[in-house]
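Below: one structure, written as structure tokens.
The values are calculated or read from the model by the stated rules, or taken from the named source; none is laboratory data. What you are looking at is a predicted structure, and each value in this text was computed from that prediction instead of being measured. Here the Cβ positions follow ideal geometry from the backbone for every residue, glycine too, while neighbour counts run over all protein chains shown. Heads up: the accessible areas ignore ligands, DNA and RNA and are worked out on the full protein's heavy atoms, side chains in. Shrake-Rupley method; radii C 1.70, N 1.55, O 1.52, S 1.80 Å.
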Amino acid sequence: MSEETQKGAFESSADDLDELYLYEAYREGVHRLHSSEYLFDFKTGKYHAFSVARTTPGFWENDGKISDALPVFLSKFDNEDPYRALVQKHLDSEWLKETLADGHLEEFDYCRKIDGVDRWFRMALTAVCMQPGEEVRFVVIATTDITDLISEREKMSEELTITNARLKREMSILRAFKNIYFLSFSIDINSELAHIIEAPEDYKDFVEKVNGDLRQTIQMMSQSLVAPEYAESYAKFLEPRDIDKRLPNSNLLTYDFFTKTGMWCRCHLIVVSKDRNNKIELMICATQNITEEKEKEIRLKQALAEANEKR
């Protein structure tokens, strides 16, 4: 044998070994993915088991007749079990030939009791078409245990339901909050940044323009919202640097002021969170219209004053 012939033979042999290695690696990967795999041959009426799940009866381990295996497999489902009819339909030979004729992959999930416990599986079915236009002869059937996946999905669904309910409550609270407070924003004490929750558009635009700078926000509100005689006190009320001293044992601080438009307001500073050293790190500043309440209070004081004068 010439050197070139020997070299060609060696290369061919190496290619064969590579293909065999890749095939074995593929089969190992597929075995780990699927609980069981079978090849149905409708011409001979027999099946071949490539991989068998631990929950499958022993006779599945050998090649056998499809007509013998299916009734035994279906007997593992109660007669009233809706999944029995589903599995039976998908394993019907005529249905398989007709449905898989175009070469697509059919998948469905089913549940059956194993050792008294519900186990979920996903069954995948596809035809092996050797030649285009040929009648379906071979069908590959693979099942995968997806019980853990279903359990995780149910857990996520429950968590999602709880989360949605919580968000619904929070949105309801937020709507109520916005109905009560016409102006509200959060205050990050450490960075001295403000984030608008609810405010007139021009206020929102200003805070966005100054990138949430708290001091510029306070200055703007003191000048545009608060009556001049209350402006200085309003700014001191919102001062973040001494807030821990002013709220040593409470999570709420309030301040009433009069606006340039003739409206009485009450501003609330509400503690949201504190750090490990019990220092306030996040607050909400919320302002509500209390004009009606103040006017009633003024009328009551006037009435009491008049009653005292008459005495």
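Things to note:
- Whole-number accessible area per residue in Å² for the range 217-258, which is evaluated in the context of all protein chains at 1.4 Å: 56 Å²
- Whichever lysines have a C-alpha closer than 20 Å to that of LYS245, once near sequence neighbours (fewer than 8 apart) are set aside: LYS236, LYS274, LYS279
- Annotation: Cα Rg of the range 171-307 relative to the compact-globule expectation 2.2 N^0.38 Å equals 1.12.
- The candidates SER35, SER67, arranged from most to least accessible area with a 1.4 Å probe in the full protein assembly, appear as SER67, SER35.
- Too-long pairs where the Cα-Cα distance tops 31 Å, listed order kept, from LYS168/LYS204; LYS65/LYS155; LYS168/LYS294; LYS168/LYS301; LYS155/LYS178: LYS65/LYS155; LYS168/LYS294; LYS168/LYS301; LYS155/LYS178
- Farthest towards the positive end of the charge dipole of the range 178-311, among the residues ALA194, LEU282, ILE218, is the Cα of LEU282, using unit charges on the Cβ of Lys, Arg, Asp and Glu.
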